[in-house]
Amino acid sequence: MKHPDDEHDFFNRLEAELTADFGADVVDLDKARTARTTTTDPVPDQTDDESGDPSAQRLVDGPDLAGPGYLGRLLGAKRQAIVPPWLRSTAELKTATGWVARHYSHLAGYHLLRSPVYAARLTLQSPRGAAKVVGGSARWVADREGDPVRAAAVRREDVGEYLKLSRQRDGRVRLRTIVAALSLLVGTVTAFAVYVLAPGWVQALSVSALILALGAAGRRPDAPVINRAVEVTKAPKLTSDIILRALGALGIAPISQAQSKGRDGFTFTAPITRDGPGWRAEGDLPYGVTVTDVIERRDKLASGLRRPLGCVWPEAVPDEHTGRLVLWVGDQDMSTAKKPLWPLLKSGSVDLFKPVAFGTDQRGRWVEITLMYIAAVIGAIPRMGKTFLLRLLLLIAALDTRAELHTYDLKGTGDLDPVGEKVSHRHRAGDEDADIEYALADLRDVREELRRRAKMIRSLPRDICPESKVTSELANKPKLGLHPIVIGVDECQVWFEHPKHGAEFEEICTDLVKRGPATGIVLLLATQRPDAKALPTGISANASARFCLKVMGQLENDMVLGTSSYKRGVRATMFSWKDKGIHYFVGEGADARIVSSVYVDAPTAETIGNRARAAREAAGTLTGHALGQEPEHNERAAYDLLSDILAVVPAEEPKVWSETVVARLAELRPDVYGGWDPEGLAAALKPHGIPTGQVWGKTEGGKGANRRGIERARITTAITERDGKRDAS
């Protein structure tokens, strides 16, 4: 062990060195000594003395140095935006301007209509006002306001002060009498001149103004003349005490109380401010507590704030640590708060390649979506607005006259008819066998169209199609046939769980989800049973836009919003039963956002559908079902891939290369299999559980080689199992 004198010399040298480098007031050596003498945690590969004794006490934490300095604080500072966000956004500026214009137009119209009532009230109060004016003038002339002071001088028997006040009163009364007399004279002369010289309308205006002025002077404080045109919701102001009380109900104490008990607490990192129609608070939760812990107890937080559940929205900050909480508390419940007027409700058209507003966030700001280049999944329990949201997206697509719509209402209630019957190229409502066959034939055609588009895009010059995908300019050229195709399916689980065609539906939709967006094909799938069967993982994992209304569990939540969303605090389970249309939206390159979609009821949807049809008729783009044209009979609607493979691969060939199978299939059905490649065959066989692997064969020159291929025995086994399930069902 070191001798105390050696330790004393060590600290003297340390103090001298640090003083020379940083200044005499930088280092607190008492803290350094305390840390050195009290810290006993071993530090690997370090010794404090030459003996290398691992049990020796070590200095783990360095001495407390001064802060980062002025430059360091500037580097770590967050600069507030010079121009407010609502002023930078054209959409938000239009919304704010429109709201202000509508607000004051409403005020003007409301009061203008009631102005005769206001005038009558003032007229009835004018005698009382005249009495108040005459009485007040008489008291002013007589200097009655000085009576209490003079009376106090009398009570004190102060003769000198009383005489002084009396002389002051006499002077005031003489001056005010002269002023009153002159005013009365001028008023009388003016009134006589108006009566004799002025036209009738000036006389009426003057008398009316006088009566209204006397009425305003005679009004009572408890009887207002003007009615309130707008009833402002009176929500309590959000204060730090209220927030800390609410967090205390969750077991999160303020920093002062927590430190007194040796724990960490909640600290505010920014002032509480107004943010739209509500209040915004930001702060750091205790160490080890995440925003997710608060979100999952949102109901208790709302109870602590004494606010409705739909007003309380805790959120994480994407660019900060997981303990940074942003709490937004609205003045009104999000489900009942009045929303701004949807820009497309009564007029307007859409370019699907540009963002379009489809809902509002908690603060009433518009949230936009670009329907092109996406595949979308909508999930929810029944009666939460899933079908309405799908119909809204399809109505948006219908307002682009170039878009070709394929709509399928597998619930069969006709919810999509305002779109399907008005503008859709293909449309069916129901899940009968004929409906399923109709949809399957349509999807086969769409997949063939996808392949045609891929070849077309590949053949275009780079200066016309530089990014190898459909653009708005290319969609404007009818000869290329690259117009948007939007497919909307409600209750898509009916397709994927079909005992006969479910595998093919899954295979085609998976292909459309993966390759369709770049070729201008958009697939929108909605289901009330978001599980692995109703929403195959190949589809849900590749959907770039996700809408999740209320669901009941973690599995359903993650199936729609993505793996681990529940753990990250993105939980659609927190929505209440009255939060219809409110959902988590993942898309547009942003983190999950809470959105309340625009509510469009059936009559309004019919009106918008009629408007979209009229625009298409004018543009000459109305086709298919909307014109009463049914698809022509096509043998492709009855093809069976597995049976066709057996037809082209005889029993004498137990193993065949994929390229050979594809070539033979193209000869069998050129209109169906033309353009297929080995990769496409592998993708088509995957839903049937048939893999492709290395197969030995001979080339045309007679040389042996291993290439990817199939085994005929697997095809026959898959057909036997499929037919057995069909017979059992």
Problem - Conditions (1) modelled with pLDDT under 90; (2) assigned to a helix (DSSP H, G or I); number of the one not met by Ala302 - result: (1)
Practice task
Give me a count of the residues in segment 489-499 that are part of a loop (DSSP other than H, G, I, E, B) and either buried (at least 21 other Cβ atoms within 10 Å of the Cβ) or touching a helix residue (DSSP H, G or I) at 6+ places or on another chain (Cβ under 7 Å) (or both).
Solution key: 4
Practice task
Quick one: which strands (runs of 3 or more DSSP E) lie wholly within segment 311-376 and hold at least 2 residues that are over 20 Å from Leu238 (Cβ atoms)?
Solution key: 356-360, 366-369
Practice task
Could you tell me which residue of segment 524-576 is most open to solvent (accessible area, probe 1.4 Å), considering only residues that are acidic (Asp, Glu) and within 21 Å of the chain's Cα centre (by Cα)?
Solution key: Glu556
Fill in the blank from the handout: Of (1) modelled with pLDDT of 85 or more; (2) open to solvent by 60 Å² or more (accessible area, probe 1.4 Å), Thr239 satisfies every one except (2)
Handout entry: Lys479 exposed (fewer than 15 other Cβ atoms within 10 Å of the Cβ) and either within 31 Å of the chain's Cα centre (by Cα) or farther than 24 Å from His688 by Cα (or both)
Key = yes
Exercise for the section: Please tell me if Ile295 is at negative phi, at pLDDT below 90 and crowded, with 17+ Cβ neighbours inside 10 Å. Expected result: yes
Completion exercise
Counting only residues in segment 682-729 that are hydrophobic (A, V, I, L, M, F, W, C) and within 45 Å of the chain's Cα centre (by Cα), the one modelled with the lowest pLDDT is identified as Ala683
Fill in the blank from the handout: Flagged in segment 280-289 as under 22 Å from the mean Cα position of the chain (by Cα) and open to solvent by less than 40 Å² (accessible area, probe 1.4 Å), in numbering order, are Ala281, Glu282, Gly283
Problem - Given (1) in a loop (DSSP other than H, G, I, E, B); (2) closer than 24 Å to Val419 by Cα, index of the condition Asp463 fails - result: (2)
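Results for (1) assigned to a helix (DSSP H, G or I); (2) within 19 Å of Ala130 (Cα to Cα); (3) among the polar types (S, T, N, Q); (4) at pLDDT below 85, shown as yes or no for each residue.
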{"position": "Ala153", "(1), (2), (3), (4)": "yes, no, no, yes"}
{"position": "Lys164", "(1), (2), (3), (4)": "yes, no, no, no"}
{"position": "Arg172", "(1), (2), (3), (4)": "yes, no, no, no"}
{"position": "Arg176", "(1), (2), (3), (4)": "yes, no, no, no"}
{"position": "Ser183", "(1), (2), (3), (4)": "yes, yes, yes, no"}
{"position": "Val186", "(1), (2), (3), (4)": "yes, yes, no, no"}
Exercise for the section: Would you check if Leu305 is touching a residue at least 40 places away in the same chain (Cβ under 8 Å), open to solvent by 30 Å² or more (accessible area, probe 1.4 Å) and more than 18 Å from the chain's Cα centre (by Cα)? Expected result: no
Handout entry: Filtered residues of segment 632-679 (kept if in a helix (DSSP H, G or I) and modelled with pLDDT under 80)
Key = Glu635, Arg636, Ala637, Ala638, Asp671, Val672
Practice task
Scan segment 586-593 and give yes if some residue there is open to solvent by less than 20 Å² (accessible area, probe 1.4 Å) and within 18 Å of Glu315 (Cβ to Cβ), otherwise no.
Solution key: yes
Completion exercise
Subset of segment 154-187, residues farther than 17 Å from Ser137 by Cα and of a type in the set (Asp, Glu), comes to Glu157, Asp158, Glu161
Exercise for the section: Kindly establish whether Leu668 is of a type outside the set (Lys, Arg) and in contact (Cβ under 8 Å) with a residue 60 or more places away in the chain. Expected result: no
Problem - Sole exception among (1) open to solvent by 60 Å² or more (accessible area, probe 1.4 Å); (2) of a type outside the set (S, T, N, Q); (3) assigned to a helix (DSSP H, G or I); (4) under 20 Å from Lys500 (Cβ atoms) for Ile436, by number - result: (1)
Handout entry: Which numbered condition Gly385 fails, given (1) closer than 30 Å to Leu305 by Cβ; (2) of a type outside the set (S, T, N, Q); (3) surrounded by fewer than 20 Cβ atoms within 10 Å (Cβ to Cβ)
Key = (3)
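The values are calculated or read from the model by the stated rules, or taken from the named source; none is laboratory data. Please read all numbers here as calculations on a predicted model, not as lab measurements. As a convention, Cβ positions derive from the backbone with ideal geometry for all residues, glycine included, and neighbour counts pool all protein chains shown. Ligands, DNA and RNA are excluded from the accessible area calculation, which covers all protein heavy atoms including side chains. Shrake-Rupley method; radii C 1.70, N 1.55, O 1.52, S 1.80 Å.
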